[in-house]
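The values are calculated or read from the model by the stated rules, or taken from the named source; none is laboratory data. Because the structure is predicted, anything quoted here is derived from the model rather than measured. Here the Cβ positions follow ideal geometry from the backbone for every residue, glycine too, while neighbour counts run over all protein chains shown. Note: accessible area is taken over every heavy atom of the protein model, side chains too, but ligands, DNA and RNA are not part of it. Shrake-Rupley method; radii C 1.70, N 1.55, O 1.52, S 1.80 Å.
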Amino acid sequence: MAEKKFTGWHAAMIFVGAFGVIIAVNLVLAFSAVKTFPGLEVKNSYVASQEFDVRRTAQEALGWSVSARATGGLLILTVNDETGRPVQVSNLHAVLGRATHVKDDREPNFQFDGQAYVAREELAPGNWNIRMKATALDGTAFEQRVVLIVDKS
């Protein structure tokens, strides 16, 4: 029986095969990253930057603090003023989703119960974001991304 020798041709094929696997995996991961997260925050960043300081100053003047929690199948969004009293807004729009992709995005139907905004939402454990846009009773726009960590329990 003839013994096979390891030649330069074999070494070249191993080298090409190893780098081929690395390149293929990188392409799959890059495609997956681009496909699942659009990365778009605003349509025109230049226009948004021109209005940023004015909107931030008006929003900060409201003195609102926002927090969220999920419990018993309810998503609770609390908006308080600087004295800690609940704030009722004239308009609230929120998008609930994962931090890493948009496939789980949905718009909760928040209702004000006198203390907070409540919506029925069953959430899987993990990191969630609520991207909220509200309008104060005086017409001031308020936007904030609220991070919500849902524990396994």
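The alpha carbons of the chain give a radius of gyration and a Dmax of 24.9, 92 Å, in that order.
Phi-derived couplings, Karplus 6.51 cos²θ - 1.76 cosθ + 1.60 at θ = phi - 60°, listed residue by residue for the range 23-33: 5, 4, 5, 4, 5, 4, 5, 5, 4, 5, 5 Hz, with x used for Gly and Pro.
In the chain, a dipole from Cβ-located charges (positive for Lys and Arg, negative for Asp and Glu) runs towards its positive end, and of A116, I14, A33 it is I14 whose Cα lies farthest in that direction. Magnitude of the charge dipole for the chain, about its Cα centre and with charges confined to Cβ atoms of Lys, Arg (+1) and Asp, Glu (-1), is about 700 debye. Dipole of the chain computed with +1 at Lys/Arg Cβ and -1 at Asp/Glu Cβ about the Cα centre; of L74, T57, A99, farthest Cα towards the positive end is A99.
Which angle from 0 to 90°, rounded to the nearest 10, does the C-alpha axis of helix 45-62 make with the longest principal axis of the chain? Between the helix axis and the principal axis of the chain, the angle is about 40 degrees. Report the extension gain between M13 and Y46 in nm, rounded to one decimal, defined as 0.36 nm multiplied by the number of residues separating them, less their alpha carbon distance. Here the segment from M13 to Y46 would lengthen by 6.9 nm. V118 sits among other residues whose Cβ lies under 15 Å from its own Cβ, and their net charge, with Lys and Arg +1 and Asp and Glu -1, is -2. Cβ under 12 Å from V102's Cβ, V102 left aside: what net charge do those residues give with Lys, Arg +1 and Asp, Glu -1? Once all neighbours under 12 Å are counted, the net charge is +3. Highest mean first, the peptides 100-107, 45-52 sorted by other C-beta atoms within 10 Å per residue fall in the order 100-107, 45-52.
Kirkwood analysis of the Cα pair distances in the range 69-141 returns a hydrodynamic radius of 13.1 Å. Estimated purely from DSSP H runs of n ≥ 4, each contributing -39500 (n - 2.57), the mean residue ellipticity at 222 nm for the chain is -11000 deg cm²/dmol once divided by its residues. Heavy-atom surface analysis with a 1.4 Å probe gives the chain a carbon and sulfur content of 58 percent of its accessible area. For the pair E60 and R131 in one chain, pulling the backbone fully straight at 0.36 nm per residue adds 23.8 nm over the alpha carbon distance. Residues whose amide H falls under 5 Å from that of L123, counting only those 5 or more places apart or on a different chain, are absent, with hydrogens built in the peptide plane.
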